[in-house]
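S.K.: Mind having a look at this structure? Questions to follow.
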Amino acid sequence: QDFYNTTLLGRWNEIASGDGRGFVVEDSIAYFSMGESLKIIDFSDPDNPTILGSCPLDHYIYRIALGENYIITGNNGEYSIIDVSNPNDPNVVISQETELGFHQPVIEEIRLYIHVTGGGIKVFDFSPSNDIEEISSFIRD
């Protein structure tokens with residue numbers, strides 16, 4: 001592959017303010033942080049990307065992960081779980097402060113794993129039949 005021979009297919013220029021720190025893309029839909037807001041952009045037509053939805057948060061977003069219908073965002077003091085099953089109307093399901101800090105989230109099937117500062121992990125259940133709930137944690141002494 002020739003990585004030096006690339007072509008720009010499209011760009012979204014409507015960023016008014018904010019600092020993008022994290023993003024994920026699935027099926028030409030980009031979910032990305034912009035300061036204290038999650039933006040959802042459809043890039044299926046690269047010449048005309050369109051904003052599908054936006055979700056303001058109470059915290060600055062540093063990290064982001066995508067599950068089947070959820071986005072997990074966070075920083076070193078707070079994390080949020082956002083239902084994006086309807087990208088036009090994303091909704092915050094859980095928003096929690098943490099004294100432990102928030103690092104890389106990982107989603108595996110119906111489980112969310114959050115690595116927290118100091119060597120800990122919190123585990124949440126995402127099964128469709130239940131509300132999202134913390135089911136386990138390991139915090140190093």
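S.K.: Can you pull out the residues in the stretch 11-23 that are open to solvent by 30 Å² or more (accessible area, probe 1.4 Å) and at pLDDT 70 or above?
M.R.: Arg21, Phe23
S.K.: Here's something else I'd like to know. Does Ile61 qualify as being crowded, with 20+ Cβ neighbours inside 10 Å and under 17 Å from Phe124 (Cα atoms)?
M.R.: No: the conditions fail for Ile61.
S.K.: Then there is this: All but one of (1) of a type outside the set (Phe, Trp, Tyr); (2) under 20 Å from Ser137 (Cα atoms); (3) modelled with pLDDT of 80 or more hold for Gly77, so report the exception by its number.
M.R.: Going through the list (1) of a type outside the set (Phe, Trp, Tyr); (2) under 20 Å from Ser137 (Cα atoms); (3) modelled with pLDDT of 80 or more, Gly77 breaks only (3).
S.K.: Looking at the stretch 44-59 only, could you name the residues that are within 11 Å of Ser80 (Cβ to Cβ), touching a residue at least 24 places away in the same chain (Cβ under 8 Å) and more than 12 Å from the chain's Cα centre (by Cα)?
M.R.: Asp58, His59
S.K.: State which residue is farthest from Val106 (Cα to Cα) when the search covers only the stretch 25-51 and only residues that are surrounded by 13 or more Cβ atoms within 10 Å (Cβ to Cβ) and among the aliphatic types (A, V, I, L, M).
M.R.: Filtering first and then ranking leaves Ile51.
The values are calculated or read from the model by the stated rules, or taken from the named source; none is laboratory data. Fair warning: this is a prediction, and the values are worked out from it, not measured in the lab. Here Cβ is always computed from backbone atoms with ideal geometry, including for glycine, and neighbour counts include all displayed protein chains. Ligands, DNA and RNA are stripped out before the accessible areas are found, and what is left, the full protein with its side chains, is counted by its heavy atoms. Shrake-Rupley method; radii C 1.70, N 1.55, O 1.52, S 1.80 Å.
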